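Below is one structure; the comments refer to it alone.
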Amino acid sequence: MGIIFLLFGILFIALGNKDISEKKDRVLITTGIYARTRNPIWLGDIFGSVAIMFFTRSLLGPIGILLTIIYFYKIAKQEEENLERAFGEEYKNYKREMPMFIPRLKRRRSK
């Protein structure tokens with residue numbers, strides 16, 4: 001089970017970093033993995049933390065996971081405040097339709 005979480009964690013982090021590195025200008029990224037979730041890199045880190053819990057088989061693991069989720073949630077909220085200042089309504093609209101962590105599996109309908 002730990003391997004599955006680790007692989008998903010690596011996948012989300014890699015896709016998130018790939019999408020960021022492909023943009024040369026300072027633009028709001030809403031394509032690629034960012035068309036599924038607003039925070040793929042933090043989600044990947046959470047998956048990695050869950051993998052570590054499985055690998056170590058620690059009884060304290062669930063507490064560590066909860067603290068990790070709270071920590072990444074707080075970081076994501078701070079980043080979102082910065083993104084709202086930088087991109088205004090464009091980011092607010094994206095935020096309204098895109099989940100914070102849990103990836104959207106269905107494609108958005110064209111408007």
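The values are calculated or read from the model by the stated rules, or taken from the named source; none is laboratory data. None of the values given here were measured: they were computed from a predicted structure. Note that each Cβ is placed from the backbone with ideal geometry, even for glycine, and that neighbours are counted across all protein chains shown.
Values computed for the structure shown
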read-out: Total residues in the stretch 1-19, condition aliphatic (A, V, I, L, M) and either over 30 Å from F54 (Cα atoms) or surrounded by 14 or more Cβ atoms within 10 Å (Cβ to Cβ) (or both); value: 6
read-out: Residue match in the stretch 33-51 (condition: small (G, A, S), loosely packed, with under 15 Cβ neighbours inside 10 Å, part of a helix (DSSP H, G or I) and free of Cβ contacts under 8 Å to residues at least 60 places away in the same chain); value: no
read-out: Residue check for F47: under 14 Å from the mean Cα position of the chain (by Cα) and under 21 Å from I3 (Cα atoms); value: yes
read-out: Residues of the stretch 1-36 satisfying the condition of being modelled with pLDDT of 95 or more and touching a Leu at 6+ places or on another chain (Cβ under 7 Å); value: F12
read-out: Number of the exception - L7 against (1) in contact with an Asp or Glu (Cβ under 9 Å, 6 or more places away or on another chain); (2) hydrophobic (A, V, I, L, M, F, W, C); (3) in a helix (DSSP H, G or I); value: (1)
read-out: Candidates I63, I69, I75, filtered to the one that is part of a helix (DSSP H, G or I), more than 13 Å from the chain's Cα centre (by Cα) and hydrophobic (A, V, I, L, M, F, W, C); value: I63
read-out: Residue match in the stretch 78-87 (condition: surrounded by 15 or more Cβ atoms within 10 Å (Cβ to Cβ) and either part of a loop (DSSP other than H, G, I, E, B) or of a type outside the set (D, E) (or both)); value: yes
read-out: Residue match in the stretch 59-75 (condition: aliphatic (A, V, I, L, M), surrounded by 13 or more Cβ atoms within 10 Å (Cβ to Cβ) and closer than 19 Å to G2 by Cα); value: yes
read-out: Odd one out for R57 among (1) among the charged types (D, E, K, R); (2) at pLDDT below 90; (3) within 25 Å of K23 (Cα to Cα); value: (3)
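Rundown of residues vs (1) modelled with pLDDT of 95 or more; (2) under 17 Å from Y34 (Cα atoms); (3) in contact with a Lys or Arg (Cβ under 9 Å, 6 or more places away or on another chain), yes/no style:
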residue: G64; (1), (2), (3): no, no, no
residue: R96; (1), (2), (3): no, yes, no
residue: M100; (1), (2), (3): no, yes, yes
residue: R108; (1), (2), (3): no, yes, no
